[in-house]
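The values are calculated or read from the model by the stated rules, or taken from the named source; none is laboratory data. These numbers were taken from a predicted model, which means no experiment stands behind them. Here Cβ is always computed from backbone atoms with ideal geometry, including for glycine, and neighbour counts include all displayed protein chains. Protein only, heavy atoms only, side chains kept; ligands, DNA and RNA dropped before computing areas. Shrake-Rupley method; radii C 1.70, N 1.55, O 1.52, S 1.80 Å.
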Amino acid sequence: MRPTTTTTVLAACLLLAARASQPQPLGEICTPGAFEPRPGISCQATDEFDYRLPYIANATKGNLLVSPGCGTIGELLRHVDANQRYSHSGVIVDNGTRVRHSTAADQRYIDAAGSDGFTPAVLKFGWPGTVTESIDEAYEGHYLIDPENPGRTYLLKSFNRDPAGCDEEAPPIYPAVVKPPFDQEETVVPGTGRTVRANLQRIADAALAIHGHYRLFAYSDAAIVGRGSGPGARAGSDAGWANLNAPDGTVCSQLAWSSTVAAGVPVEDDTVEGGDRPHAPAPHRGLFVYPEANRQQAGEFFYTKIYNDFYAKSGWWGRLFTDAPDDGANQILNCFGFDWCGSEPGMAFDGEPDAKDSDRWKHPGDGIAVSPDDLTRWDLPPAGVYGLAEDMAYRPGEYTRVHRWGESPGAGDVTVTTLFGGSPAASALVTISGFPAALTDAAGHAAFIALPGGRYEVRASKTVIESGSPREVTALQTFDVHAGPGNALTLTLTAPVAPPRPDNSRAHRRVTVRGTVWIKDYENIGSDEIGTHSLEDSVVLDPGQREHHFHFSNCTGDEVRVETDVRVTLDPTDASVVAEVRGKMFESDDCGGDDEDDNQVQNFDIAEGGVANASMHLTNSYVLGDDQATITLAILNERNTP
């Protein structure tokens, strides 16, 4: 009888019987170990690879993500309290692959600002607000199309996966997962009748049900979700895109707290630990009181920053003839402090009817709010459901082998031998995809009994000490199991090697731009000159090369030139492509002139396997000018087939 320490008895697979059975047709994609196979088949390795999106290995549904950052919000929070470390947060809504959070495209505020300050509705109802993103989108970034201006796209990248050090004297701050201790997840939370784990799942579901815009006032008064009137009230008819799609006011950490309230889950009791800032009274447990003095300090810093930003944009000329720097700074600070973002009924202060003309922000009063750092101070179970901030285990995207259901003729015993440096590798962890793992014995052997016949992926790993430092060595290989004894495989452990990068996986998209540019060069004397130009080009996008810029230049009559630019960006989450099409028409004495007559922009979100049709007409608006151009394009998003 083989030693039990080196044997994985396949009887353990009987545990799979509790899993739901599936039809499992031959050739269909499967996940090793996810379901008990029907007799005569197994989940087998293929020579195909596909892209697995990044994920957080130590985050489960209902956990919170907190991210360090040195940007504007991070600076503001540190001027309220120097101990603030994090600048953004979100709620994990499944096991490590998607996050729900509230954020804003900063550039959109700037694009809507002018010599008289910010556009009030844009400032008050920040876009996009609440979004559910893959970890890839949240940490690596993706483009969104402005709901009120389809000619604009904005890059959204809200989380930071790397340690951040905003002060050269201080150690870097690591991204973290806020969660309960593992051994307390089955603790029953008083007053709910549910375990910590069940309550966390309710919080995640509640976060998905909150649809909000980004509301700066939530940094002063966090308890505004669902508010019907007064400062912080839900969006109304003056809110544009937010009126129907995102009525509630939110910011990132306040969304987490609002989700706990909506789920009926306590996160703190009445006890205030030493050194904590004051807790908000019931029914706002989980919020904190920020004293007026701290808020004044942060306001002075923020005023100076915004003033300088506006001054740099408008220059001395703009400062001489406008109050743009002062207007912009006053307006955004009053929006933060009082939800006063423009000229609004009942919001006048010291005779000033408009937020941009008032320094009311210098007297902000106390705030009742919650920061990303505050989320890490919530109580441990059973008083709360969090309490532990653990360094985030971010796993980047990678290509993984595709498995499909295949026939299994008989069953075979397998012996795996692991070597490192030419010698047997004891205590190496050996895994055959879909079956319980085994550790090798002193001779480097691990045995697997009665595996269904077929092709499997075999992986081995071990931590070794080299030059006094630990290092992981691995091996990865496919292996065909035949019926009966005698199946033997030897694996040599080396430094980890990434799996091959395929060029035809679902994540590899061939984007083709095809169409025509029709140009008419109007002539005051003689016949007009007309030309039709064909356009066609393609590129393969993948998770390593997500963007490409197509550029076409065409001229007719040696005078009228049309520039066609197409920017395409892959979203690996669903294999869709965002495309921005920009057309410009120039007219001069030759094809090289830069006298622009007209331009247009169109944006498209092209689903996997889909096509977008772009059409734009450009004209010369000058007197006696009748030059024209029409750009007609089809943009295809196809799976690459080399």
Looks like the stretch 174-227, by Cα gyration tensor root eigenvalues a ≥ b ≥ c and the a/c under 1.5 rounded cutoff (else prolate when a/b is bigger than b/c, oblate otherwise), is prolate
Roughly what would the spin-label model give for Thr516 and Val464, points 7 Å off Cα along C-beta, in nm?
6.6 nm
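Keeping every protein chain present and rolling a 1.4 Å probe, give me the accessible area per residue for the chain in Å². List each step's numbers first, then the result.
Working: 28800 Å² over 642 residues.
Result: 45 Å² per residue.
Answer rounded, prolate or oblate for the stretch 353-398, using the Cα gyration tensor with square roots of eigenvalues a ≥ b ≥ c: rounded when a/c is under 1.5, else prolate when a/b is larger than b/c, else oblate. Don't skip to the answer; put the middle values down first.
On the way: a/c = 5.20, a/b = 1.87, b/c = 2.78.
It is oblate, given that a/c is not under 1.5 and a/b is not larger than b/c.
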With R₀ set to 41 angstrom, the calculated FRET efficiency between the beta-carbons of Glu547 and Asp350, to the nearest 0.05, is 0.25
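Based on the alpha-carbon gyration tensor of the stretch 417-468 and its eigenvalue square roots a ≥ b ≥ c, which shape applies: rounded if a/c is under 1.5, prolate if not and a/b is larger than b/c, or oblate?
On the way: a/c = 2.58, a/b = 2.12, b/c = 1.22.
Cα axes put the stretch 417-468 in the prolate bin.
Packing-wise, with mean Cβ within 10 Å as the measure, how do 604-615, 502-513 rank, highest first? Intermediate values should be presented prior to the final figure.
On the way: 604-615: 15.8, 502-513: 19.6.
Ranking the peptides 604-615, 502-513 by packing returns 502-513, 604-615.
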Full extension between Lys305 and Ala442 adds, at 0.36 nm per residue less the Cα distance, a length in nm of 42.8 nm
Report the residues of the stretch 22-49 in range of a label on Val402: point 7 Å along Cα→C-beta, backbone N strictly under 20 Å from it.
23-35, 42-49
Applying 1/(1 + (r/R0)^6) with R0 = 45 Å to the Cβ-Cβ distance of Ser423 and Thr573, what FRET efficiency is obtained, to the nearest 0.05?
0.50
If the convex hull is drawn through the Cα atoms of the chain, its volume per residue in Å³:
227 Å³
Thr490 paired with Asp366, simple spin-label distance in nm, labels 7 Å along Cα-to-beta-carbon
7.5 nm
Of the accessible area of the chain, with the probe set at 1.4 angstrom, what percent is carbon plus sulfur?
51 percent
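Over 22 Å apart: what share of the alpha carbon pairs of the stretch 374-495 falls there, rounded to a whole percent? Before the final figure, lay out the partial values.
Details: 3731 of 7381 pairs.
Roughly 51 percent, rounded to a whole number.
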How large is the Rg to Rh ratio of the stretch 81-231 when both quantities use alpha carbon positions and Rh follows Kirkwood?
1.01
Residue-span extension gain [Asn95 to Ile145] - 0.36 nm each, minus C-alpha spacing
15.2 nm
Please compute the length gained on full extension between Asp111 and His482, using 0.36 nm multiplied by the number of residues separating them and subtracting their Cα-Cα distance.
127.0 nm
For Ile145, Ile29, give me the order by solvent-accessible area with a 1.4 Å probe, most accessible first, ignoring ligands, DNA and RNA.
Ile29, Ile145
Compute the distance from the alpha-carbon center of the stretch 509-540 to that of the stretch 432-490, in whole Å.
59 Å
Please give the FRET efficiency for Arg501 paired with Arg471, using the beta carbon to beta carbon distance and R0 = 25 Å, rounded to the nearest 0.05.
0.55
For 331-342, 470-481, ranked highest to lowest by mean beta-carbon neighbours within 10 Å, the order is 331-342, 470-481
Placing unit charges on C-beta atoms (Lys and Arg positive, Asp and Glu negative, everything else neutral), compute the dipole magnitude of the chain about its Cα centre in debye, rounded to 20.
3320 debye
Hey, what number do you get for the chain at 222 nm if only DSSP H runs of n ≥ 4 count, each worth -39500 (n - 2.57), divided across all residues, to the nearest 500?
-5000 deg cm²/dmol
With each label point set 7 Å from Cα along the Cα-Cβ vector, what nm distance links Asp50 and Glu596?
4.3 nm
Formal net charge of residues neighbouring Gly232 (Cβ-Cβ distance under 11 Å; K, R +1; D, E -1)
+1
